[in-house]
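So the structure is just underneath, and the comments pick up after that.
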Amino acid sequence: MQKHPVIEQLIEAHLEFLAQEFSMPDTIHDEFNAFYHWLKQQQLKNIWTFEQIYQLIQKQILDTPASAFLIEQIAEHIRFALIHPINDQTKIEDVIPVLTIDQIAQYVASKAEHRQALIKQVTTNPAFSAMVTQLIQHAIQDYMDNSLMAKKVPGVGRFMKMGKSVLESVTDSNLDDTVNNYLQKNIIKLSQLSETVLNQHFSEEKLYHFQANLWHKIKLQPLNVLRRYVEVNDLPKTVELGHEIWEHIRQTDYLKQQVHDGVYAWYARNQERSFDLLLHDLNIDENLIQNELTQLLNPIIQEMIQSKYLRERARLYLEKFYYSEQIQQILK
C-alpha cells in the first residue's frame, strides 16, 4: 500500500490526540463512568442469552479440568493459613461471634424430629448393636475380674469364680457365650432402650447446654489448635483427593443437569432486571466504579500508552479508515 503524506500526518495527529486524551486520568474516569451509566440501564436479556451464559460456565467449569498449578496453589494457601503466626495470638472467639454460636446451638437443639430420626437410625444399625453387645460383655467380665469387693473382701473373688464355674456346669456352656446369646436374643430391646436413653440425654435443653459448655471450653483456645486435626504435610495429598472427587463429579450428567437447571432458573428470575440491580447484588455500585475500579483500570491504560501498544493497535484501524476508498474520495 502506497503511503500518502497527508494521510500519514492525519494518522499521526490522531494518534497524538488519543495518547494525550487517554493519558489524562479524568478521561479514564469519565469514560468508565459513562460506560457504567449505559450498562446499568440495560436488561440482562438484551445483552446475554441463557445459552451464552450456560455455555460459558459449561466450558470453563464443567468441561475444563483444574490445572495442576491451581491445585498446588490451593494446597499452598491452606498451608499458609494454617501455619500463619497470627494463629498463635488469635483466639477462636475472636473470629466466631458468640451470638452466632448461640443461634446455631438453639437451631440444632430445636430440630427434635431430625435428631430422633438420626438416633433411631444409629441405634438400629447392626454395627451399633454389635458395639453395645461387646461393651456389656466387657463390662460384666471386668466387674467379675476387677470388682472392688473381689479385691478387698477375702474369699469373694474365689467365690465369684466358683459361682461362674457352677453356672457354666449347669448351663453346659461358657459364661461368655451364655451372656452373648442372651444379648443377641434381646438385642432389639437393647436397641430400643438405647434409643430411649439417647433421646432423654439429648433433649432440646440438654443438647443446647452441651453445645454451650463446649463453646466455653474452646472459645479461649488459639486458632493454632486446628493444626492438631489437620496434617499440614499431608495437605497436597488431601487436596488432591478433593480434586479427584471434583474431577469425577464435574463430568457426571447429574452435575451438568443441576448446573443447567440452576442457571436457567436464575436467568428466568433475572432476565428482565437491569444490570444496575444485578451489579448491586454483587455490591458493585457507582461509588465503586468511580473510585476503586477506575483506579485499577487507569494504570493499565497508562501502561498501554507508554508501551506503544495502544498506539500500534489504533494505527491499524486508523490506516484502514484513512486509506479506505470513501476517505480517499473525500481527500481528493
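The values are calculated or read from the model by the stated rules, or taken from the named source; none is laboratory data. Since the structure is predicted, the reported quantities are computational estimates derived from the model, not experimental observations. Cβ coordinates were reconstructed from backbone atoms using ideal geometry, including for glycine residues, and neighbour counts include every protein chain displayed.
A few comments on the model shown:
- In the set N298, N287, N291, only one residue is closer than 18 Å to F32 by Cβ, assigned by TED's automatic domain parsing to the domain that holds Q9 and surrounded by 16 or more Cβ atoms within 10 Å (Cβ to Cβ); that residue is N298.
Residue-by-condition table, conditions (1) small (G, A, S); (2) over 23 Å from R313 (Cα atoms); (3) out of contact with any strand residue (DSSP E or B) (no Cβ under 8 Å at 6 or more places or on another chain):
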site: E12; (1), (2), (3): no, no, yes
site: H29; (1), (2), (3): no, no, yes
site: K40; (1), (2), (3): no, yes, no
site: W48; (1), (2), (3): no, yes, yes
site: K59; (1), (2), (3): no, yes, yes
site: S67; (1), (2), (3): yes, yes, yes
site: A75; (1), (2), (3): yes, yes, yes
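- Residues satisfying the stated conditions in the range 1-51, i.e. under 27 Å from E325 (Cα atoms) and small (G, A, S): A13, A19
- Number of the exception - N146 against (1) under 51 Å from the mean Cα position of the chain (by Cα); (2) surrounded by 11 or more Cβ atoms within 10 Å (Cβ to Cβ); (3) modelled with pLDDT under 70: (2)
- Remark: pairs (first residue in the range 45-66, over 16 Å from L255 (Cβ atoms); second residue modelled with pLDDT of 95 or more and of a type in the set (V, I, T); Cβ separation under 8 Å; 6+ apart in sequence or on different chains) = F50/V263; I53/V263.
- Scanning the range 278-298 for residues that are in contact (Cβ under 8 Å) with a residue 12 or more places away in the chain and hydrophobic (A, V, I, L, M, F, W, C) returns L278, L279, I289, L293, L297.
- In the range 225-279, the residues that are surrounded by 12 or more Cβ atoms within 10 Å (Cβ to Cβ) and outside any helix (DSSP H, G or I): V230, R250, Q251, Q271, R273, S274
- Exclusive hit being under 27 Å from I218 (Cα atoms) and touching a residue at least 60 places away in the same chain (Cβ under 8 Å), set V132, V95: V95
- Any chance D102 is in the same structural domain as L214 (by TED's automatic domain parsing), assigned to a helix (DSSP H, G or I) and not small (G, A, S): yes
- Condition check for A112: over 23 Å from K189 (Cα atoms), surrounded by 13 or more Cβ atoms within 10 Å (Cβ to Cβ) and modelled with pLDDT of 90 or more: no
- Remark: pairs (first residue in the range 312-332, farther than 16 Å from F17 by Cα; second residue of a type outside the set (A, V, I, L, M) and assigned to a helix (DSSP H, G or I); Cβ separation under 7 Å; 6+ apart in sequence or on different chains) = I327/F321.
- Any hit, the range 80-88, residues being surrounded by 14 or more Cβ atoms within 10 Å (Cβ to Cβ) and touching a Ser or Thr at 6+ places or on another chain (Cβ under 9 Å): no
- For N199, the conditions (1) exposed (fewer than 12 other Cβ atoms within 10 Å of the Cβ); (2) under 20 Å from A105 (Cβ atoms) all hold with the exception of (1).
- Residue tally, condition touching a helix residue (DSSP H, G or I) at 6+ places or on another chain (Cβ under 9 Å) and assigned to a helix (DSSP H, G or I), over the range 56-67: 4
- Of the residues making up the range 304-326, those that are more than 52 Å from the chain's Cα centre (by Cα) and surrounded by 15 or more Cβ atoms within 10 Å (Cβ to Cβ) are Y322, Y323.
- Test for Y54: is it modelled with pLDDT of 95 or more and surrounded by 13 or more Cβ atoms within 10 Å (Cβ to Cβ): yes
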